[in-house]
Amino acid sequence: MTRTSRAQMVLSLVAIAALVAMPWLVTSDYYVNIATQIVIAAILAMSLNVLVGFGGMISLGHASYLGVAAYLTIYLTSHAGFGPLAGALAAIAATTVLAMLFGYLALRASGLGFLMITLALGQILWGIAYRWASLTGGDNGLGGPVRPHPFGVDLMNPTAFFYFTLIFLAAAFWLISRFVQSGLGQSLQGTRDQPRRMRALGYNVWLIQWLSFVFAGFWGAIAGLLYAYYNQFVSPQTLHLTTSAEALLMVIAGGTGTLFGPIVGAALVVILKNVVSAYITRWLMLLGIIFVTIVMFMPEGLVPGTRRLRGIMRKSQGSPTTQALPVTEERPT
Amino acid sequence: MNFWVIQGLNGLAFGSLLFILASGFSLIFGLMRIVNLSHGAYFMLGAYVGLSAIDAGVNFWLAILIGGVAIAVLGAIIERFILRRLSGQPLAQVLVTLGIAFIIADACVWMWTGDPRPVPMPSELTGAFRVQHLAFPIYRLFVIGVAFTLAAALWFLLERSRLGARIRAGVDDLSMARAMGIRTSILFSVVFCLGSALAGAGGVLAGPILSVYPGLDTDMLPLALVVVILGGIGSLLGALIGSLIIGLIYSYGQALFPDLAYVILFLPMVLVLTLRPTGLFGRQAI
Amino acid sequence: MTAPALEITGLHRLFGGLPAVRDVSMQVPAGERRLLLGPNGAGKTTLFNLIAGDFPPSRGEIRIFGQNVTKKTAEQRTHLGMARTYQIITLFAANTLLHNVVISLMGLRTLRFNPLSDIRRQKTLWEEARATLAVVGLEHLADRRVADTSYGERRRLEIAMAIAQKPKLLLLDEPLAGLSADERRDVQHLLQAIPRDVTIIMIEHDMDVALAFADVITVMHRGRIVVEGNRADVVADPKTREVYLGH
C-alpha cells in the first residue's frame, strides 16, 4: 500500500503547480523543452515503478517499450502512410503485444533470472534496430515529421506540446494510482511481499505478475509515443541497455514505494543529464557512479519515506542455500 | 558447401570466444549468485590493456597474460570492497556491477578514444590451413583449440581438484559448505578473480578477430547472458554447448541475413525458456 | 456416501536423494479432526506442503473431496475449499491486521483481477474482515500494523486469515507453537468454535490440547505412518513410545 506522508503531498502539489505554471514563469523555449522531457521521462519511470516498486520485479529492459513504440510511431506515420491517430494506436497496440510476449518469457524466471532475461531481450531488440538498417535506418535512426495537430492545435509550439504531454502525465498518474489501489494492484503488492502466502490464499501469482507487466509495458509505450512526437526521431540508442538503466535510476533515485517518487527521479535524471552534457561528455561514467553510490549508500532513494528498495534488494532469489524447500516457483504442468 | 564450412568455422571460433567469456560469468553466477553485469566491460578493458601492452612492444602471449592479470586484480578489488559489502543482497550486487560497467566503459573511451582498434595477430598464427579449396585461418583454429583446452582445464579443476570440490560444495549448498569449514570468502575471491581473468584474457585473445571498440562490452554481455540462459546455470558443459550454438547461429545468421542476425538470436532463447526453463543442462531454475 | 475430505495414496517425496515422505496413504473423512504427530524430521510439514500444493509429489496421488489435485497448483486447491496456516510467520508485516484479512478474502473473489476499482471502497469486504477479526478476538487491533503486534496476536491472525475464506478443509501447522498458557487457551477455544463440518488436519506438539482436540491421530516417523487410530489406541500402542523415546 502506498503511504504518502503529508510533506510529500504538499511538495508534490507545489511541484505540480510549478509544472503547470512553468511556461509562464519561464521565457526560454529551452526550459519548456526540458520540462517536456521530464514529463515524458516521468511517464516511463512511473510505468517501470509498477514493476519495480509495486511488483518487486527489477527489469533492465524497460526501454524496449519506449523504443519500439517510438520506432513504430515514426515508421507507421511517416513511412507507411498511416494517419496520425491510426499510427499512434497501432504503435501502442503492437508494443503492448510485445510486452505480453516479453512478459511471458521473462516470467519463466524470477528475481535474477527475470532481470537477465529482460536485459537480454532488450539488447536483442537493440541489435535488431542497429542491424536491420533497411527497416530502422540502422545507426542513422529513423526520423519523420510526426508531431500531430489534434483539432488544429499546432503542437510544434513548445508550450502547446508541453501541455499536451502534461495531459498524458495526468492520465498516467491517475490510472496508475487507481491501479495501485485496485484489486489487481493490491494483489501485485501482496505478491511482491509474500508470493508463497499469496498462492496459498488463492492468487495466481504468475497471472498477476504478467498482467502487471503488460500494464507497465503499455504505459512505457505511451512514453514512447510522446518521445517520438517530441524528438521526431528515434535511434537504436533508445533501445539500449543504458536507456533501460537510466529509467531504472529514475525509479531508484526517486524512491520506489510511492507514486511521486518516479516523477522526482525523472526530473533529477533529466536535469542532471542536460546539465552534465553541457559541460562534460562523461555522462555514462557519471551514470555509473550515481548507480554505485545510490545502491551502496542510499538504497532508500532520495525521496524520504520509502524503504522498499532495500527490502527488494535483500530478497535472495533462487539461491539453493537460502531455500529450505525447493522451488516455490515450480509450476506443476 | 564451402560457405557452410567456412561460416561454421567462424561460428565455432566466435562461440569459443563467447565460451571464454561465458565460463567466467557462469562460474561467478553459479557460486556467488552474482549476475556480474561488468563482465562484458572486463572483456573490453582486458582487450584494451592487452592492446596497449602490444603497442608498448610486448609480445602477444605476454599481452594475454597481462590482460588477464590486470582484470583479475581489478576484479579482486571490486569483489572485496564493493560486492562483499552487499553480500546477501543479490539485486543490489547486480545494479552495482551495472554501474561499474558504465564507469569502465566510459573510462575506456576516455583513455583509448572512440576509434575501433584492431589487435595485431601474433605472427606465428597468421595465415591459413589449406585443405582442398578451403582456407581455414589458423588463428581461428587456435582460438577453438583454446576454448576446448580451457573447457577441459576447467572440468579438471572442478571435478578433480580440491579447489574444485570446494567450489562445487559451495554451489550446492553454501551454508553447509561454510559449516564444514570451507573458507567461503577466500573461495569467492578466488572464483571472482578467475572469472575476471578469463574475461580479460579472453578480450585480448578476441582482439585479432573482433577488434576492440567502444560497445564491445554491450555487444558481448547479452550474448553471455543468452548462453547462460540457454546452457543452464552451474553447468560447464551447458556453457560450452550454449556458446557454440550461439556462435554458430550468429555466424550463419550474419552471413545469410545480415539484417536479421539478431532476430535469429531470439529463437533459441524463446525455445529454451518456453520448453526447458532450466536450460539445456541446468539443474536449477534460473 | 460423500467423498473423504482428503485421500492420499502412496505419496512419496524425495529431496535430492532423501525421502522425506515415504509411501504415505491416508484417508480423512469430511468433518474429522485429525492430528499429525511425530518427532522433528518425521515428514509432517513436508506432507502438509504436499497436500497444500507447494510442490508436487515424486509419486502418488492426492484427492480433495474426491477431486484429483495431484497436478493442481496451490492456488487451484485453495479454490476447492482448502486453507492453511504456516509455522513461520508469512504475514504482510507492513500492513494492518484488517488489510491482511482483506487480502485473504480477496483471494477467492474476482476483484483480485480488477485494475480499476479502489478496494478501499469495497465496504462489504472490510466489514467481513472486521467480523473475522472479531471471531479471533483481534478486532481491537484491526488498524494496527502486523509489525507492531505480539507473537500470540500474529498466530491468531494466521488463523483468522485461514478461516476468513470459510474453508472446508483446514490445515493448521503448529497453531499453538510459542504461545503462553493463556494464549494457548484462547486459541484452543477458537479451534473448538470452528464449525463441525470443517475438516481440520493439525500438526501440533502440545500434547494435551492436541489429544483432546483430535478424533483420529496419525503418528509419523521417518517419512512413514507408523500408528493411526483414536487417542486411546495411539497412547496404548508401543510403537508410539518407540517413536518418541527410541525404545
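The values are calculated or read from the model by the stated rules, or taken from the named source; none is laboratory data. Since this is a predicted model, take the numbers as computed values, not measurements. Using ideal geometry, Cβ is built from the backbone for each residue, glycine included, and neighbour counts are taken over all protein chains shown.
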What are the residues in the stretch A:110-149 that are among the aliphatic types (A, V, I, L, M), at pLDDT 90 or above and not in a helix (DSSP H, G or I), if any? A:142
Would you say residue B:181 is loosely packed, with under 12 Cβ neighbours inside 10 Å, out of contact with any strand residue (DSSP E or B) (no Cβ under 8 Å at 6 or more places or on another chain) and closer than 16 Å to residue B:207 by Cα? no
The correct count of residues that are farther than 24 Å from residue C:155 by Cβ, within 7 Å of chain A (Cβ to nearest Cβ) and either touching a residue at least 24 places away in the same chain (Cβ under 8 Å) or not in a loop (DSSP other than H, G, I, E, B) (or both) in the stretch C:68-92 is 1
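Does residue C:63 meet the test of being charged (D, E, K, R), crowded, with 18+ Cβ neighbours inside 10 Å and more than 7 Å from chain A (Cβ to nearest Cβ)?
Numbers: charged (D, E, K, R): yes; crowded, with 18+ Cβ neighbours inside 10 Å: no; more than 7 Å from chain A (Cβ to nearest Cβ): yes.
So residue C:63 fails the test.
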Among the listed residues C:130, C:112, identify the single one that is free of Cβ contacts under 8 Å to residues at least 40 places away in the same chain, surrounded by 15 or more Cβ atoms within 10 Å (Cβ to Cβ) and closer than 20 Å to residue C:195 by Cα. C:130
Within the stretch B:217-225, is there a residue that is charged (D, E, K, R), under 14 Å from the mean Cα position of the chain (by Cα), part of a helix (DSSP H, G or I) and crowded, with 19+ Cβ neighbours inside 10 Å? yes
Just wondering, is there one or more residues in the stretch A:218-232 that are within 14 Å of chain C (Cβ to nearest Cβ) and crowded, with 24+ Cβ neighbours inside 10 Å? yes
Exactly one of these conditions fails for residue A:108: (1) within 14 Å of chain B (Cβ to nearest Cβ); (2) surrounded by fewer than 17 Cβ atoms within 10 Å (Cβ to Cβ); (3) of a type in the set (D, E, K, R). Give me its number. (2)
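Table: residues versus (1) within 19 Å of residue C:92 (Cα to Cα); (2) of a type in the set (Val, Ile, Thr).
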| site | (1), (2) |
| --- | --- |
| C:124 | no, yes |
| C:136 | yes, yes |
| C:141 | yes, no |
| C:155 | yes, no |
| C:158 | yes, no |
| C:168 | no, no |
| C:181 | no, no |
| C:216 | no, yes |
| C:220 | no, no |
So for the stretch C:144-153 (the condition being surrounded by fewer than 23 Cβ atoms within 10 Å (Cβ to Cβ), in contact with a strand residue (DSSP E or B) (Cβ under 7 Å, 6 or more places away or on another chain), free of Cβ contacts under 8 Å to residues at least 60 places away in the same chain and not in a helix (DSSP H, G or I)), does at least one residue qualify? yes
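State whether one or more residues within the stretch C:29-44 are within 14 Å of chain A (Cβ to nearest Cβ) and crowded, with 16+ Cβ neighbours inside 10 Å. Explain how you work it out, then say what you get.
Let us first name the residues in the stretch C:29-44 that are within 14 Å of chain A (Cβ to nearest Cβ), namely C:40-41, C:43-44.
Add one more test, that the residue is crowded, with 16+ Cβ neighbours inside 10 Å, and what stays is C:43-44.
Scanning the stretch C:29-44 turns up at least one residue that is within 14 Å of chain A (Cβ to nearest Cβ) and crowded, with 16+ Cβ neighbours inside 10 Å.
Given the stretch A:165-283, what helices (runs of 4 or more DSSP H) lie entirely inside it while holding 3 or more residues that are hydrophobic (A, V, I, L, M, F, W, C) and under 15 Å from residue A:47 (Cα atoms)? Let's see the steps before the verdict.
On the way: elements: A:183-193, A:195-200, A:205-231, A:241-254, A:261-279.
Once the helices (runs of 4 or more DSSP H) in the stretch A:165-283 are filtered for at least 3 residues that are hydrophobic (A, V, I, L, M, F, W, C) and under 15 Å from residue A:47 (Cα atoms), what remains is A:205-231, A:241-254, A:261-279.
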Scan (1) modelled with pLDDT of 95 or more; (2) surrounded by fewer than 20 Cβ atoms within 10 Å (Cβ to Cβ) for the single condition residue A:80 breaks and write down its number. (1)
List pairs: first residue in the stretch A:109-126 and in contact (Cβ under 8 Å) with a residue 24 or more places away in the chain, second residue aromatic (Phe, Trp, Tyr) anywhere in the structure, Cβ distance under 7 angstrom, at least six positions apart or on different chains. A:121/A:102
Being away from chain A (no Cβ under 12 Å) and under 30 Å from residue B:191 (Cβ atoms) is true for just one of B:234, B:238, B:279. Which residue is that? B:238
What's the number of the only condition in (1) part of a helix (DSSP H, G or I); (2) within 13 Å of chain A (Cβ to nearest Cβ) that residue C:116 fails to meet? (1)
Say we look at the stretch B:69-95 and pick out the residues that are modelled with pLDDT under 95 and touching a Leu at 6+ places or on another chain (Cβ under 8 Å); which of these is nearest to residue B:21 (Cα to Cα)? B:94
